[in-house]
Amino acid sequence: MIRLNRGRDAAHALCLLVAMHVLFRVRGQRWVGRATRSAMRRTPATQTELDAAGIDAWQVGRAVWRAKRWLPLRSTCLQTAFATQRLLDAKGAPSALVLGVRGVTPQAHAWVRVGDFVLDDQRLSEDFMAFATPGGQAEGSSR
Amino acid sequence: MTEATLTSPRSLRTNEDVVARAVGDDLILLDLEAGTYYSLNGVGAMAWKGIADGQPLGAIAAHVVAEYDVSEERAGEDIRALVAELVEKGLLVQA
């Protein structure tokens, strides 16, 4: 049953990743910007809330990363984060998108924070300094 | 952007589509809608934070004078020029 659910999550994740590719292409940067702002402003579920709802956030993240490997297109970190966030939404677990920056010539990276988890398949978030939530102060937390 | 509006900082605010992150003395700005980065040096970062906090430009200039070896007149000119550029790029908007 657990394996079946994981397979279903990965199939759902695959659909979400495809949807993200379409949305990014069709709706353009302005939509991406607005969706990013909105996703960053969300308050993530606490670990206690995840535990009470029986949601394994790490497995949700893994389902997206597995689906990403099946997709013949290369998904960006932002598309992956959006898909992860929507899969968590479908399970009733709100999460927050985090954008980070590093380097003098800035490079950005996106990941998802929910409960005690940082969901980032590239495991890069530790190297990046998180931007503040839109409308917030400039100093963000490191993750 | 007229001189009058530039000296009325309460009419300006940071664009909600712009996120910021302090990196040392500098400030990295990311315009989410445009997908563009900007980097402000220490003085620019001070101006951005001051405007975000609703400080008058005169107060920001005084802060810059206190921190850096620069005349009040020069600091005021530089901040006004920076603000005009930030408004032109859409990073600051009318409140």
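The values are calculated or read from the model by the stated rules, or taken from the named source; none is laboratory data. Given the structure is predicted, the values throughout are model-derived calculations rather than measurements. All Cβ positions, glycine included, derive from the backbone under ideal geometry; neighbour counts span all protein chains shown. Side chains included, ligands, DNA and RNA excluded: accessible areas come from the protein's heavy atoms. Shrake-Rupley method; radii C 1.70, N 1.55, O 1.52, S 1.80 Å.
A few points about this structure:
- Filter pass, A:Phe82 being more than 23 Å from B:Ser39 (Cα to Cα), aromatic (Phe, Trp, Tyr) and in contact with a Phe, Trp or Tyr (Cβ under 7 Å, 6 or more places away or on another chain): no
- Of the strands (runs of 3 or more DSSP E) contained entirely in region B:6-91, not one carries at least 1 residues that are away from chain A (no Cβ under 12 Å) and free of Cβ contacts under 8 Å to residues at least 12 places away in the same chain.
- Boolean, A:Trp65 is within 13 Å of the chain's Cα centre (by Cα) and not aliphatic (A, V, I, L, M): yes
- Pairs where the first residue, in region A:19-37, is more than 14 Å from chain B (Cβ to nearest Cβ) and farther than 12 Å from B:Gly35 by Cα and the second is among the β-branched types (Val, Ile, Thr) and open to solvent by less than 40 Å² (accessible area, probe 1.4 Å), C-beta under 9 Å, 6+ apart: A:Met20/A:Thr80; A:Leu23/A:Val32
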